[in-house]
1. Please give, to one decimal in nm, the separation of the simple spin-label points placed at Gln85 and Lys109, each 7 Å out from Cα toward the Cβ.
2. In debye, nearest 20, what is the charge dipole magnitude of the chain about its Cα centre with +1 on Lys and Arg Cβ and -1 on Asp and Glu Cβ, if you could check?
3. Can you give me the distance in nm between label points at Leu118 and Glu5, each placed 7 Å from the Cα along the Cα-to-Cβ direction?
4. Within the set of other residues whose C-beta is less than 11 Å from the C-beta of Leu57, count the net charge using Lys and Arg as +1 and Asp and Glu as -1.
5. Averaged across orientations, what area in nm² does the convex hull of the alpha carbons in the stretch 2-138 project?
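Laboratory data are not the source of any read-out in this text; all were calculated from the coordinates shown. Small disclaimer: the values here were computed from a predicted structure and weren't measured. Every residue, glycine among them, receives a Cβ derived from its backbone with ideal geometry; neighbour counts consider all protein chains shown.
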Amino acid sequence: MPLGEALFQRYVRRSSDRRLERTAGSPRGLRFVFAQMARAYRPERADGWTGDIRYELTRSDGTTHTWTVTCEPSAAHARDSAAPQPDLTIKLSVADFLRVAAGDLDPAKALLSGRLDLEGDFTVAMRLAAMFGQPSPL
């Protein structure tokens, strides 16, 4: 595991939701996290799928920030805006998003406990881990 990834995981594990929201969940922090995510994209693991994944991240004050990751045949790109008709929409708090990104929160457990909500193509949701360089849960 690269040092930067290990440091991020350690930081997330040791931080409160409030601290995560204020630091890594800031506009600059999220831009960095989504850029890393786009860089980690493995198109060969998408089984030919291309499209948009919209992330609706809610802050403790109730405001929502929307990001879109567009997956193409050779790369992924992230942007701080909403795709009008995404294939998959993922809704969760900023802190929970960062905990999932750091591997500190299992997305399946978050879904079952109501901390994460999915709308759209569940087959894409099932491939997300593999598509973004993580071991597949299946």
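1. 3.8 nm
2. 660 debye
3. 2.2 nm
4. Its environment carries a net charge of -1.
5. Answer in nm², one decimal: 7.9.
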